[in-house]
Amino acid sequence: MKRTLRRILLVSTGGTIEMSPGPGGFAITGDAAIDADTAMIPPGIELCHRRLFSLPSPHMTPARMADLARELAMMETSGEWDGVVVTHGTDTLEESAYLADIHLRGGIPVAFTAAMRSNAELGVDGPRNVRGAVLTAASDEFHDFGVVVVLNDEIHCASRVTKTYTSNVSSFASPGYGPLGFIDGDKAIFAQAPLRRLRLPAGGLVLDERVGLVRVAAGLGAREIRFCVDSGDRAVVLEALGRGNVPPDVAEAVSEAVDSGVTVAVTTRCFMGRVMGLYGYPGGGADLERRGAVFAADLQGHKLRLLLMACLGAGMEEAEIRRLLECV
Ligand code: ASP
């Protein structure tokens, strides 16, 4: 039963939204936190605050992301909250949001938000983004959409959203899919629902961080895969070319990795579209499939890496990982 007064928990983790300019550049300062008044939260919503981290995005590690996802899972089942909003640095927000998305069960809305501009800049976006995320998390119309990311008045799926622009407030987009909805006045308007959802099997979240990520370019990738294997990685994510193709020497390195028991998961460096085993030439997608590589549709490399860490941490075999990836 939803309460008339919505109780929303704001969990802060750091990022530009909490930063002010100082002599050495932007830094997190205690005086930049956003409260209900600054974010102009409408009546009917009670906003409580809990600090989890005070970190810039590049200081977020997979282990910290897993801590955050586990905390959110506890908040989800506590019965204390109608929704949770997480503020985060924009650089790695999509990774933290994605890990939470595949771990959480969806009991209450969870919305991540951030700011592209610090509170000291002209046209500051943090308070407005918090407001949008709070309205989303408090909405009656929020269904089982998974974790969402709300910035610049747009609501995006954590699994699809990505930071597309280094500095513009319209940076967050879901290429090829578009937003789930938007903020209009005091309302979160949901216009579409995601049909494809991947969730980890229920249980604790444990990451095995031995997963490498290699971006393929003309003449590049074989040495990098061998480095990952020699360093003890149990899986390697390959951001391949186009439909999922690589140069012939990279295909040889894929075979060596697979033969030594390392899972090689292929996605694309294109920012839209799925990989598929179409091309049969040495290094073509069909050739990589024959060599035993796993294809991961259009999941971005950095999200696929976290997914594999969680799968390996849960003790899943490659066959189970292949089945799970069919949901992408
Ligand atoms: N580099 C900043 C960070 O700490 C970016 C941001 O928050 O927007 O994440």
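The values are calculated or read from the model by the stated rules, or taken from the named source; none is laboratory data. Small disclaimer: the values here were computed from a predicted structure and weren't measured. As a convention, Cβ positions derive from the backbone with ideal geometry for all residues, glycine included, and neighbour counts pool all protein chains shown.
Things worth noting here:
- Summed over the range 33-44, residues that are surrounded by fewer than 19 Cβ atoms within 10 Å (Cβ to Cβ) and touching a helix residue (DSSP H, G or I) at 6+ places or on another chain (Cβ under 7 Å) total 3.
- Test: residue in the range 272-293 that is surrounded by fewer than 16 Cβ atoms within 10 Å (Cβ to Cβ), within 25 Å of L205 (Cα to Cα) and not hydrophobic (A, V, I, L, M, F, W, C): no
- Qualifying residue in the range 229-241 (condition: farther than 20 Å from L324 by Cα, in contact (Cβ under 8 Å) with a residue 40 or more places away in the chain and surrounded by fewer than 18 Cβ atoms within 10 Å (Cβ to Cβ)): no
- In the range 1-20, residue surrounded by the most Cβ atoms within 10 Å (Cβ to Cβ) [restricted to those that are in a loop (DSSP other than H, G, I, E, B) and in contact with a helix residue (DSSP H, G or I) (Cβ under 8 Å, 6 or more places away or on another chain)]: T13
- Considering residues of the range 99-123 that are within 15 Å of the ligand (Cβ to nearest atom) and modelled with pLDDT of 95 or more only, the residue farthest from V86 (Cα to Cα): G123
- In the range 55-97, the residues that are within 14 Å of the ligand (Cβ to nearest atom), in a helix (DSSP H, G or I), surrounded by fewer than 21 Cβ atoms within 10 Å (Cβ to Cβ) and among the polar types (S, T, N, Q): S57
- Candidates R160, R199 - the one that is surrounded by fewer than 19 Cβ atoms within 10 Å (Cβ to Cβ), out of contact with any Leu (no Cβ under 6 Å at 6 or more places or on another chain) and not in a strand (DSSP E or B): R199
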